[in-house]
Amino acid sequence: MSKISDRLNRLSYSQTFVMSNKARDMKAAGIDVISLTLGEPDFDVPQKIKQAAFDAINENYSHYSPVPGFLELRQAVSAKLKRDNDLDYKPSQICVANGAKQSIMNVLLAIVNDGDEVILPAPYWVSYDEMVKLVGGTSVFIETSIDTEFKFTAEQLEKAITPKTKALLYSSPCNPSGSYYTKEELEAIANVVAKYPHVTIISDEIYEFINYEGEHVSIASFPQVYEQTAVINGMSKAFAMTGWRIGYSACPDWLASACDKVQGQMTSGANTVAQRASITALQMDPLELQYMITEFHKRRDLVFELMKDIKGFKCNLPKSAFYFFPDISYFIGKNLNGTEIKDADDFAMFLLENAHVGCVGGVSFGSPECIRFSYAASEDDLREAMKRIKDCVEKF
Ligand SMILES: Cc1ncc(COP(=O)(O)O)c(C=O)c1O
């Protein structure tokens, strides 16, 4: 009998970490590897936010905070949701957690019973499926492809809903595809969900600010689904604060109190210094962060130009987040330099070993024909990485 629980035995390791660890090991062995595996901004935290953290330490914010976070932070979240998304949430509807990841987990733990279904449009963020497994649920996937920018439709959603569906979980802007849903697309999705009151939408909006073309819309702004929606957001991507571990959920009252209950027994309130600094961050004018978006935008355009020329890569122009998710089905079934490519994970490994460029295969994102590149890296590295891949695939 396994000493490890069945629940944990069902879980996989994150393919993102598998590839980034392998890239790190190769670097440690003296190989010049460019790793485009991890999804984190390569900028420093803005000085104002750091100063707020120093101040919080000096002001002795060293004790437990309320479970859902300091009131001032929840007020700042509430003001941000009004300012950027035209959403009305009272501070009592906000639960601040150790990252958006925990916020999603809080909601799943609050609503999913054993055997309940959670709809995941593919490609999805790697952790979603594993989180659903952890809470005893079953993921139901909706297939999409690069030809529709990896977006699911309201019709596909309606077909996937059953009496056992508890939630629809997706990110917009999307990791890994870099697509986002327009107001019209979200309205059509909202109209479907509103017909099924037993379904909760978990709308992960962590990449909200990294959007190059459109206006970010939160699905909770459609009144017909406000009572059925949990909005997830956080500090990691917009403020380059991945290590500070602050995320939050904004939910209808019935769900907000459930999240508070889960978190009260799991982790208590999030890190107090990071919470205080997050108040300053959320009160900043988004224009003060524009320099990061401008830089990502430039890199996106650069990578797109370079990637278009790589043999066998079918790519679209992602409009948000900082990922490319090219379709590499051309290589599947081929033998490259003695490696049989059965799926995108094999191809990602092939690129790491032969081109010395790290990316992540799409199998654990639910798209076994695609690979994900993060372009949160320097222009020089991006140029060199694309050149290495181009040369490598042409050689074999
Ligand atoms: C779609 C998505 N949601 C949530 C997270 C996790 O965010 P946090 O650092 O706030 O836990 C990530 C991180 O990569 C992500 O890509």
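Just a few scattered comments:
- Complete set of residues in the range 199-228 that are away from the ligand (no atom under 16 Å from the Cβ) and either buried (at least 24 other Cβ atoms within 10 Å of the Cβ) or of a type in the set (A, V, I, L, M) (or both): V199, T200, V217, A220, V225
- Some residue of the range 375-396 being of a type in the set (D, E, K, R) and closer than 28 Å to M131 by Cβ: no
- Number of the condition not met by Q102 [criteria: (1) more than 17 Å from V231 (Cβ to Cβ); (2) surrounded by 19 or more Cβ atoms within 10 Å (Cβ to Cβ); (3) among the polar types (S, T, N, Q)]: (1)
- Residue within the range 379-396 that is modelled with pLDDT under 95 and under 25 Å from S127 (Cα atoms) present: no
- Scope the range 57-90; condition part of a helix (DSSP H, G or I) and of a type in the set (S, T, N, Q); matching residues: N58, Q75, S78, N85
- Residues within the range 229-259 that are surrounded by fewer than 20 Cβ atoms within 10 Å (Cβ to Cβ) and more than 13 Å from the ligand (Cβ to nearest atom), tallied: 5
- Any hit, the range 139-152, residues being free of Cβ contacts under 8 Å to residues at least 40 places away in the same chain, charged (D, E, K, R), within 16 Å of the ligand (Cβ to nearest atom) and under 22 Å from G362 (Cα atoms): yes
- Positions within the range 28-63 being surrounded by 14 or more Cβ atoms within 10 Å (Cβ to Cβ), in the same structural domain as A238 (by TED's automatic domain parsing) and of a type in the set (G, A, S), in sequence order: A52, A53, A56
- Exclusive hit being under 22 Å from the mean Cα position of the chain (by Cα) and either more than 16 Å from the ligand (Cβ to nearest atom) or not assigned by TED's automatic domain parsing to the domain that holds L73 (or both), set R299, R276: R299
The values are calculated or read from the model by the stated rules, or taken from the named source; none is laboratory data. Owing to the predicted nature of the structure, the values given are computational and were not obtained by experimental measurement. Using ideal geometry, Cβ is built from the backbone for each residue, glycine included, and neighbour counts are taken over all protein chains shown.
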